[in-house]
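Participant: Pasting in a structure now, in structure tokens, and then I'll have a few things to ask.
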Amino acid sequence: MDPLLFSILVMLAVVLLFLLPSAAVAVYAERRVSAFIQNRYGPNRVGPLGLFQPFSDVIKLFLKEDIVPTNANRFLYTLAPMIPVSTAIITVAIIPFSEFVYITDLNVGVLFLLAVASLSVYGVTLAGWASNSKYSLLGGLRAAAQMISYELPMGVALASVILFAGSLSILEIVQSQELWWNIFRNPLGFIIFTIAVFAEANRAPFDLVEAEQELVGGFHTEYSSMKFGTFFLAEYMHVVIGSMLISVFFFGGYHLPFAGYWLPEMSPVWKAILDIHVFILKTVFFSFVFIWVRWTLPRFKYNQLMRLGWTRMLPLAILNFVVIAIILYYLP
């Protein structure tokens, strides 16, 4: 089979069989975990244990009237919800699920990741501007400022990871953690990267672009029906993708702890099966952390958000990079 066609088929299978269902599972998990944290029941009526609640939400959104504001820019208003979903799907193409299971291995994978991640903000910004609403516009402007503020420390934190691997390939970054995960070698980089991922995903306590108490609903105030549902889907897809990236860059990806020291040689088939299960378990755990943080910490004020990004995280990320570079130069 043609390699390009094979890669496309694998990507379609990953999106249809893993990414989209994982977003539905994340919605259900969010409802159940938040209910547990707040000492209430959560969904328990639609299906056994409320398992069909995500499907009923989708049906409800499909049946709602699709309203477009009279003075909105119709083309950009319709285009905006598709951009965050598209960027999430594209990002999956460079994430290795196993040593043998991945769609493509780019030798500039980290640069590709940062480029695609920076595109997702355009969907939010365009939605805010095209809606022709002051609340939506303020949400879109906040999104642009938030993205600029947290892309920089994220990029510098990833640069410190690249120093250990000596490569921009994400597959090689994972393979470099077979003996020691980066969380042990670069804990400060992990903290900075995780906070930046929270901010990039617009999740609480960084959901300044929505801020219901301040902006009604923020950038998607004027959206309804499945256009709103698409933004909702994109948010949970980015939660899953963000969990994957934390696992890949700092927790060994598909590697078990210190696997190079004790894990015996295995056939490629059994190794792939083990790797995929390990990777999914790590992704599930960090998705839980996303939910846990959302329902535990209050939202930042906007000046606190900007101060944290520019005066705390960016200088710390640069200092962390310089220290690691010096240590690796003298202790390769």
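Only the coordinates and a few stated rules stand behind these numbers; no lab work does. Computed from a predicted model, the values in this text were never measured in an experiment. Don't worry about glycine lacking a Cβ; one is built from the backbone with ideal geometry, like all the others, and counts go over all protein chains shown.
Participant: Hey, which aspartates and glutamates would be in cross-link range of residue 134, C-alpha to C-alpha under 19 Å, not counting anything within fewer than 8 residues on its own chain?
Facilitator: Filter leaves 207, 210, 212, 214, 222.
Participant: Which distance in nm do the two modelled labels at residue 134 and residue 49 give, with both placed 7 Å along the Cα-to-Cβ direction?
Facilitator: For the pair residue 134/residue 49, the computed spacing is 4.8 nm.
Participant: Determine the shape class of region 195-332: with a ≥ b ≥ c the square roots of the Cα gyration tensor eigenvalues, call it rounded for a/c under 1.5, and otherwise prolate if a/b is greater than b/c, oblate otherwise.
Facilitator: Taking the square roots of the gyration eigenvalues as a ≥ b ≥ c, region 195-332 is oblate.
Participant: To the nearest 20 debye, what charge dipole does the chain have about its Cα centre, counting +1 at the Cβ of each Lys and Arg and -1 at the Cβ of each Asp and Glu?
Facilitator: 920
Participant: Something else: Gain in length, residue 73 to residue 304, computed as 0.36 nm per residue apart minus the alpha-carbon separation, to one decimal in nm?
Facilitator: Extra length available between residue 73 and residue 304 comes to 79.9 nm.
Participant: Treating cross-link reach as a plain straight distance, find the lysines whose alpha-carbon is under 19 Å from the alpha-carbon of residue 64, omitting any fewer than eight places away in the same chain.
Facilitator: 227
Participant: On to the next question. Averaging over every viewing direction, what projected area does the convex hull of the Cα atoms of the chain cover, in nm²?
Facilitator: Mean projected area of the Cα convex hull: 18.9 nm².
Participant: Okay, next question. Please provide three numbers in whole Å: the alpha-carbon extents of region 245-286 along the principal axes, with the largest listed first.
Facilitator: Projected onto the principal axes, the Cα atoms of region 245-286 cover 28, 20, 13 Å.
Participant: To the nearest 10 degrees, how steeply does helix 82-92 sit against the main Cα axis of the chain, on a 0 to 90 scale?
Facilitator: Value to nearest ten degrees: 10.
Participant: Hey, another quick one. At R0 = 41 Å, how high is the FRET efficiency between residue 212 and residue 13 if r is their beta carbon distance? Nearest 0.05 is fine.
Facilitator: After rounding, the FRET efficiency stands at 0.65.
Participant: Say each of residue 318 and residue 148 gets a label point 7 Å from the Cα, pointing the same way as Cα to Cβ; how far apart are those two points in nm?
Facilitator: 1.7
Participant: For the chain, what does -39500 (n - 2.57) per DSSP helix run (n ≥ 4), summed and divided by total residues, give at 222 nm, in deg cm²/dmol to the nearest 500?
Facilitator: -21500 deg cm²/dmol
Participant: With r as the distance between the Cβ atoms of residue 184 and residue 325 and R0 = 25 Å, compute the FRET efficiency 1/(1 + (r/R0)^6) and round to 0.05.
Facilitator: Efficiency, from the Cβ-Cβ distance: 0.90.
Participant: In whole percent, what relative contact order does the chain give with Cα contacts below 8 Å and a gap of six or more residues?
Facilitator: 24
Participant: If packing is taken as the mean number of other Cβ atoms within 10 Å per residue, what is the order of 206-212, 40-46, highest first?
Facilitator: Top to bottom by mean Cβ count within 10 Å: 206-212, 40-46.
Participant: Follow-up. Starting from the Cα of residue 273, step 7 Å toward the Cβ, then list every residue of region 230-266 with an amide N under 19 Å from that point.
Facilitator: Flagged as within label range: 254-256, 263-266.
Participant: Once label points are set 7 Å from the Cα along Cα→Cβ at both residue 262 and residue 288, what is their separation, rounded to one decimal in nm?
Facilitator: 2.1
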